[in-house]
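To start, the structure under review is shown below, and the notes come after it.
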Amino acid sequence: MSSDFEGYEQDFAVLTAEITNKIARVPRLPPDEKKQMVANVEKQLEEAKELLEQMDLEVREIPPQSRGMYSSRMRSYKQEMGKLETDFKRSRIAYSDEVRNELLGDDGNSSENQRAHLLDNTERLERSSRRLEAGYQIAVETEQIGQEMLENLSHDREKIQRARERLRETDANLGKSSRVLTGMLRR
């Protein structure tokens with residue numbers, strides 16, 4: 001049984017060394033490799049937890065008189081596991097801070113970059129404001145032209161109605177004239 005425990009101990013030592021190495025490398029990697037490394041470390045942490053569980057089961061099967069030494073080793077391994085998880089969380093926080101900084105455009109020369117970024121944004125806003133003002137002017141001019149056209153159409157309508165009325169009057173007068181002339185011809 002103790003040989004199984006010692007085998008698990010060796011596996012745990014190798015695995016924790018790999019995890020420690022990878023945790024230290026996470027902040028220096030490019031973003032796409034960081035994602036891969038974080039996933040890999042998470043997987044290895046799960047494996048280390050499983051090894052601890054196996055080791056704990058082995059310790060429970062050891063006779064009580066020898067169990068004390070193995071129990072103290074288990075406590076130190078659990079503390080080491082806790083430290084690894086804490087270090088991993090810190091490296092992930094640093095990684096997420098870097099991702100946040102990349103998304104926000106903050107990369108060390110923050111005050112100079114922020115100033116340049118603000119100037120660019122101010123120029124864009126000014127250009128957009130000028131375009132909006134020009135668009136507004138065009139809309140006002142279009143509205144004025146539309147009103148003038150409506151007034152012209154209204155005047156033209158009045159002229160057409162007056163002309164139509166004159167035609168009706170002329171038609172009526174022609175009808176009367178025709179009747180008078182017809183009457184005169186008969187006499």
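The values are calculated or read from the model by the stated rules, or taken from the named source; none is laboratory data. Worth saying up front: this structure is predicted, and the values here are computed from it rather than measured. The protein model used for the area step is the full one, side chains on, heavy atoms only, and it has no ligands, DNA or RNA in it. Shrake-Rupley method; radii C 1.70, N 1.55, O 1.52, S 1.80 Å.
Determine the shape class of the range 46-94: with a ≥ b ≥ c the square roots of the Cα gyration tensor eigenvalues, call it rounded for a/c under 1.5, and otherwise prolate if a/b is greater than b/c, oblate otherwise.
oblate
Tally up the carbon and sulfur contribution to the accessible surface of the chain as a whole percent, 1.4 Å probe, everything protein left in place.
52
How compact is the chain by the rule of thumb for globular proteins, expressed as Cα Rg over 2.2 N^0.38 Å?
For the chain, the normalised Cα radius of gyration comes out at 2.89.
What lysines does residue 22 reach when the alpha-carbon gap must be under 20 Å and sequence neighbours fewer than 8 apart in one chain are set aside?
34, 35, 43, 49, 78, 83, 89
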